[in-house]
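Here the structure is laid out as structure tokens; the discussion comes afterwards.
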Amino acid sequence: MKTSYEKFVIDNKGERVGVILTMEDYQKILEELEELESIRAYDEAKASREKAIPFERAVKEIEEGATNN
């Protein structure tokens, strides 16, 4: 079992203003957030009741939009 210890950054008043994470914990949090974002996007798309488009087309549209910005 992994044991983790919380490490905080405190200001001059002793208030917690930040947290220090290991790179492993940070990467895990980022991966979890990405997965949550995908789940939310899926739920939003499903709830919209719009006509579905093929995955390849969606990726192409996203990539084209990224190059146009």
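Every number in this text was worked out from the coordinates using simple rules, so none of it is lab data. Source: prediction; values computed, not measured. All Cβ positions, glycine included, derive from the backbone under ideal geometry; neighbour counts span all protein chains shown.
Couple of notes before you dig in:
- Cut-off of 10 Å, at most 14 other beta carbons, DSSP loop: longest stretch of the chain lacking such trypsin sites (Lys or Arg not before Pro): 14-48
- Choice from 53, 20, 39 showing the highest fluctuation, given a GNM over the chain with Cα pairs closer than 10 Å: 53
- Whichever lysines have a C-alpha closer than 25 Å to that of residue 60, once near sequence neighbours (fewer than 8 apart) are set aside: 46, 51
- Within the straight-line cut-off of under 23 Å between alpha carbons, the lysines reachable from residue 7 are 28, sequence neighbours fewer than 8 places apart in one chain being disregarded.
- Extension gain, residue 16 to residue 36, is 4.5 nm, computed as 0.36 nm per intervening residue step minus the present C-alpha separation.
- Using θ = phi - 60° and Karplus 6.51 cos²θ - 1.76 cosθ + 1.60, couplings along the stretch 21-30 (whole Hz; Gly, Pro as x): 10, 6, 4, 4, 5, 4, 4, 5, 4, 4
- Here the stretch 4-69 is assigned +1 on the Cβ of each Lys and Arg and -1 on the Cβ of each Asp and Glu. Its dipole about the Cα centre then comes out at about 200 debye.
- Estimated at 0.36 nm per residue, the fully extended path between residue 62 and residue 46 surpasses their Cα-Cα distance by 3.9 nm.
- Average Cα contact separation per residue, the chain, under 8 Å, 6 or more apart, as relative contact order %: 15 percent
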